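One structure is given below, encoded as structure tokens.
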Amino acid sequence: MTLDPAKILVVEDESGMRTTLVANLEEAGYRVIGCNRGRDAMRYVENDAPDVVIADLRLPDGSGLEILESLKEIKPEASFILVTGYASLETAVAALNQGAYAYISKPFNMDEVHATIRNAIRQQRLLLENQRLVENLQLTNKNLGEEVSERKRAEEALAERSAALEAANKELEAFSYSVSHDLRAPLRSIDGFSQALLEDYVEQLDEQGKDYLTRIRTASQRMGHLIDDLLNLSRVTRAEMRPEPVNLSEMAKSLAAELKQREPQRQVAFQIQDGLEVKGDPRLLRVVLENLFSNAWKFTSRHPRARIEFGAAQHNGKPTYFVRDDGAGFDMAYKAKLFGAFQRLHKATEFDGTGVGLATVQRIIRRHGGEIWAEAEVEKGATFYFTL
Ligand SMILES: Nc1ncnc2c1ncn2[C@@H]1O[C@H](COP(=O)(O)OP(=O)(O)OP(=O)(O)O)[C@@H](O)[C@H]1O
Ligand SMILES: [Mg+2]
């Protein structure tokens, strides 16, 4: 950085001394003005404030201290160097007390003058630099403060919106809960009276009549299952979370054992990674694994042999758990439907189910602050990944 040469004002009534000083300082590269009277000096200070003033306090018009005063007012960072004639220490101290930078006694040596000026200018530049830094800091602080309050406003708006959303969700849950609940009673009547007809009036019914009644019963029972699933789904979201350490590996092993026991004839090899410990609600996490495992079990059922794997891997720096099978898989084009309630990618004639399992799983995972997603290929299998 090249700096402008400093401006120096020399106020000295002895013309020989003034000329020597001005010439010497000009030679050193400064912009120098010489005056012999305090009045001229004042005008100069007021119109084009110098960086350094070198002045004899014993000017004939006695204006030395006035020059110092107005210099400090107009340009606080400028330096005032006073020149004292006969070592009048008292005046020198008064000037220093009023903010003069230094004093030089006559007769002076030029080296001393140069050194004093250099120091004065250095101090002035440091002062300005400091001021600039402080201003920058203040500006940064102000911007930061604005950013913080802007962010606070956004957070408050968000909190308000999510509170409203939560309230709406709760209402919806309560509604679906009571509707499902109320639907059960009439359904039980339909099924119960159909059964009574089948049992008590069996003689009066022909084969077709009996078939109709059986169909009514099957349909109403299926509807009963749907309602139960709906109730379970809303219960999952309403249930209170009680997080504690959970060993997912042990949970997975016991689920695998249950599945094998239910259909011992199936050839399914389970591979379960040991020691997968997490923190979460054990009851809800069991619902997650139950659903993922029973899906893996169900969607491999058309293969003579199958393999179901449970393990963990790092994904984006987070432990990610997965349940993998080599069963029917699905077309990734429909993956958006996977976690919707009552959404299924397979026909009921192929694989039974109501399509609420994964919707329930996703709600539980989200309540734990995690994500769930899947990868699959038709007839090659599916992998469900989740974080907590
Ligand atoms: N392991 C899997 N392999 C292939 N497709 C799967 C797998 N898991 C889920 N799907 C697909 O996602 C759909 C939704 O799964 P979800 O568990 O919600 O329902 P479901 O198993 O059909 O019924 P439910 O779980 O309610 O008894 C399934 O119908 C199936 O099409
Ligand atoms: Mg399922």
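Which FRET efficiency value, to the nearest 0.05, do you get for Ala185 and Thr349 by plugging their Cβ-Cβ distance into 1/(1 + (r/R0)^6) with R0 = 41 Å?
FRET efficiency, Ala185 to Thr349: 0.85.
Label-point separation (nm) for Arg222 and Asn143, each offset 7 Å from Cα along Cα-to-Cβ?
6.5
Determine the sum of side-chain charges near Glu258: Lys and Arg each +1, Asp and Glu each -1, restricted to other residues whose C-beta is under 15 angstrom from that of Glu258.
Net of charged neighbours comes to +3.
Are there trypsin sites (Lys or Arg not before Pro) in region 305-352 that DSSP marks as loop and that have at most 13 other Cβ atoms within 10 Å, and which are they? Provide the component values of the computation, followed by the final result.
On the way: sites: Arg305, Arg307, Arg324, Lys335, Lys337, Arg344, Lys347; in loops: Arg344, Lys347.
Here the sparse-neighbourhood loop sites are Lys347.
Which value in Å does the Kirkwood hydrodynamic radius of the chain take, with 1/r averaged over all unlike C-alpha pairs and then inverted? Provide the component values of the computation, followed by the final result.
Numbers: mean 1/r = 0.0336 Å⁻¹.
For the chain, inverting the mean 1/r across all distinct Cα pairs yields 29.8 Å.
Kindly flag which residue pairs out of Lys142/Lys318; Lys253/Lys337; Lys253/Lys380 have an alpha-carbon separation exceeding 27 Å in this structure.
Numbers: Lys142/Lys318 37 Å; Lys253/Lys337 29 Å; Lys253/Lys380 24 Å.
Correct reply: Lys142/Lys318; Lys253/Lys337.
Report, by chain and number, residues whose modeled amide H sits under 5 Å from the one on Val11, excluding near sequence neighbours (fewer than 5 apart, same chain).
For Val11, whose amide H was placed from the backbone, the distant partners under 5 Å are Cys35, Ile54, Ala55, Asp56.
Can you give the net charge of the other residues whose Cβ lies under 15 Å from the Cβ of Phe339, counting K and R as +1 and D and E as -1?
Value of the local net charge: +3.
What whole number of Å gives the distance from the Cα centroid of region 123-140 to the Cα centroid of region 276-319?
Between the Cα centres of region 276-319 and region 123-140 lies a distance of 61 Å.
Please report Asp228, Asp206, Asp326 as a ranked list, fewest other C-beta atoms within 10 angstrom at the top and most at the bottom.
Arranged by neighbour count, lowest to highest, Asp228, Asp206, Asp326 become Asp206, Asp228, Asp326.
Note down the relative contact order for the chain as a percent, whole number, built from C-alpha pairs under 8 angstrom at least six residues apart. Before the final figure, lay out the partial values.
On the way: 520 pairs, mean separation 33.6, N = 388.
Relative contact order comes out at 9 percent.
Restricting the calculation to Cα positions, tell me the Rg (one decimal) and the Dmax (whole number) of region 345-388 in Å.
Answer for region 345-388, Rg first and Dmax second: 12.3, 36 Å.
Quick check on packing: order 114-124, 360-370, 208-218, 147-157 by the mean number of other C-beta atoms within 10 Å, highest mean leading.
Order by mean packing, descending: 360-370, 114-124, 208-218, 147-157.
Counting only helical runs of four or more DSSP H residues, what would the 222 nm mean residue ellipticity of the chain come to if each run contributes -39,500 (n - 2.57) and the total is spread over all its residues?
Value at 222 nm, helices only: -19000 deg cm²/dmol.
First select every other residue whose beta carbon is under 9 angstrom from the beta carbon of Ser249; then total the charges, Lys and Arg +1, Asp and Glu -1. Walk me through the numbers on the way to the answer.
On the way: positive: Lys253; negative: Glu250, Asp274, Glu277.
Around Ser249, the surrounding residues sum to -2.
Before anything else, pin down the relative contact order of region 7-108: Cα pairs under 8 Å, at least 6 apart, normalised by residue count, whole percent.
About 24 percent, as a whole number.
Quick note: the coordinates plus some simple rules give every number you see, no bench work behind them. The model shown is predicted, which means the values in this text are computed figures rather than measured ones. Every residue, glycine as well, gets a Cβ built from its backbone with ideal geometry; the counts of neighbours run over all protein chains shown.
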